[in-house]
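Everything on this sheet refers to the single structure shown next.
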Amino acid sequence: MSMASMFDAAKKVYADLGVDVEAAFNRLDQIPISLHCWQGDDVAGFENSTALDGGLAVTGNYPGRARNADELRADLEKTLSLIPGKKRLNLHSIYAETDGRPVKRNELEPKHFARWMDWAKENGLGLDFNPSYFSHPMMKDGLTLSSPDAGVRKFWVEHGIACRAIAEAFGRKLRSTCITNFWVPDGFKDTPFDRLAPRERLADSLDKIFSVECNPRYNRDAVECKLFGIGAESCTVGSHEFYMGYAMKNGKLLCLDAGHFHPTEVISDKITSTLLYFDEILLHVSRGVRWDSDHVVTMTEELRAIAEEIVRHNYDKRVHIGLDYFDASINRVMAWTIGARNMSKALLMALTEPAAILKKAEKSGDKGSRLAWMEEAKTLPFAAVWEEYCTRNNVPGMAWIDEVKTYEKDVLSKRS
């Protein structure tokens, strides 16, 4: 049976359950997924200033890492050609292009991202952004915006202000609102006596950054919490409670990262709770494994649950989806593509749930039927539907793996 025939048969199976596959395709076409640039070069960036720190670690030395912006953009173009649906790109400030001249992070300007903006426009992408509060000599004793040193705080406040100006330029140039996410790794390896003072300093520093006006049409700010990090095991200044309160008080987006909570916590359960009180939130979709937070996104129960929460409650326009992981132990283009395709697949799975049947069972109190249909939905003929969606988006189905291996042979293997 041809794939087209398999799709026609699958489409009928879904239709018999009240699912309009064509409507699912159309809706998925409007949900952007923001790819993270740092998977392609192991969060190295182009400063060449210092080794990774601030709770970040990349393991593996698989050959073919992008060594400059042109190589990174080439790898991104290959990755984007393998992912169906609407995409964006998420940049960190360390990916500035300064033509070999050192530029301090607090002196970065939109001109240092001009090539990224031009490239994004050529490829029909919106850009998102992140200040980089890690891997820098001005991170003193594991602290940046919460440092007791006023000079350190001033430097990082200026960095945040500079990054928001860059993000605003992204939004204006590309006519697509840039989401600028603030993740600050400040914390303590051992138990501090005073947890309040550093949190007061962090709040004050953020207030100073956000006191500079940005046009919300072009830039929206998000703040991201974390349970702990390497070197910050006993106390993370920017905890979940800190940022949830700060974001709510100051009208910022709250960023929930799937790898930033206790291993028994899931962000899928937090989406409906937070959106009772926030207009919008940002997600960093990752895969936590025990204490680590940034493994390649796979088709886990949690990934499906995240997508289901977004779709079931019509949060398409209120939840911004970004990816955040980095793996240097495998082909980096493959890692990018696996995670992004899985996010898109999970959304399509959620969009093709027999929602009417499930709602009816739940409303009538028939919990057995609800559970039964949830389980039956897991083995519906989804593969043919996914292949059709890929075909309509002019990207390969399962053949994408061979394309990446060819790209590795022709391009990546030639990098030293």
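The values are calculated or read from the model by the stated rules, or taken from the named source; none is laboratory data. A quick note: this is a predicted structure, and the numbers were derived from the prediction, not measured. Using ideal geometry, Cβ is built from the backbone for each residue, glycine included, and neighbour counts are taken over all protein chains shown.
List of remarks:
- Residues (in a loop (DSSP other than H, G, I, E, B) and in contact with a Gly (Cβ under 9 Å, 6 or more places away or on another chain)) located in the stretch 100-141: PRO131, SER132, TYR133, PHE134, SER135, HIS136, MET138, MET139
- Positions within the stretch 267-277 being surrounded by fewer than 19 Cβ atoms within 10 Å (Cβ to Cβ) and in a loop (DSSP other than H, G, I, E, B), in sequence order: LEU275, LEU276, TYR277
- Note on the stretch 8-34: residues that are touching a helix residue (DSSP H, G or I) at 6+ places or on another chain (Cβ under 6 Å) and part of a strand (DSSP E or B) amount to 1.
- MET349 being crowded, with 16+ Cβ neighbours inside 10 Å and either more than 24 Å from VAL43 (Cα to Cα) or without any contact (Cβ under 8 Å) to a residue 24 or more places away in the chain (or both): yes
- Only a single item in (1) over 28 Å from ASP141 (Cα atoms); (2) surrounded by 20 or more Cβ atoms within 10 Å (Cβ to Cβ); (3) polar (S, T, N, Q) is not met by SER205, and it is number (1).
- Some residue of the stretch 221-241 being under 18 Å from GLU107 (Cα atoms) and at pLDDT 95 or above: no
- Here THR264 clears all of (1) among the β-branched types (Val, Ile, Thr); (2) over 23 Å from ASN90 (Cα atoms); (3) assigned to a strand (DSSP E or B) except the condition numbered (3).
- Matching residues, the stretch 202-244, being among the β-branched types (Val, Ile, Thr) and in contact with a Cys (Cβ under 7 Å, 6 or more places away or on another chain): VAL223
- Residue within the stretch 239-259 that is among the aliphatic types (A, V, I, L, M) and within 27 Å of THR352 (Cα to Cα) present: yes
- Members of the stretch 311-333 found to be under 19 Å from LEU91 (Cα atoms) and over 17 Å from the mean Cα position of the chain (by Cα), listed by number: ALA328
- Of all residues in the stretch 279-294, exactly one satisfies the criterion of being surrounded by fewer than 19 Cβ atoms within 10 Å (Cβ to Cβ) and either among the aromatic types (Phe, Trp, Tyr) or in contact with a Phe, Trp or Tyr (Cβ under 6 Å, 6 or more places away or on another chain) (or both), namely TRP291.
- Residue within the stretch 142-149 that is modelled with pLDDT under 95 and either surrounded by fewer than 21 Cβ atoms within 10 Å (Cβ to Cβ) or touching a Lys or Arg at 6+ places or on another chain (Cβ under 8 Å) (or both) present: yes
- Residues satisfying the stated conditions in the stretch 97-114, i.e. surrounded by fewer than 22 Cβ atoms within 10 Å (Cβ to Cβ), touching a residue at least 40 places away in the same chain (Cβ under 8 Å) and touching a His at 6+ places or on another chain (Cβ under 8 Å): GLU97, THR98, ASN106
- Residues considered: LYS360, LYS409. Of these, the only one that is among the charged types (D, E, K, R), surrounded by fewer than 13 Cβ atoms within 10 Å (Cβ to Cβ), over 29 Å from ALA4 (Cα atoms) and more than 28 Å from the chain's Cα centre (by Cα) is LYS409.
- Of the helices (runs of 4 or more DSSP H) lying entirely inside the stretch 332-416, those containing at least 2 residues that are β-branched (Val, Ile, Thr) and modelled with pLDDT of 95 or more are 332-351, 382-392, 400-410.
- For the stretch 80-96, the set of residues classified as more than 15 Å from ASN130 (Cβ to Cβ), buried (at least 20 other Cβ atoms within 10 Å of the Cβ) and of a type in the set (A, V, I, L, M, F, W, C) consists of LEU82, ILE83, listed by residue number.
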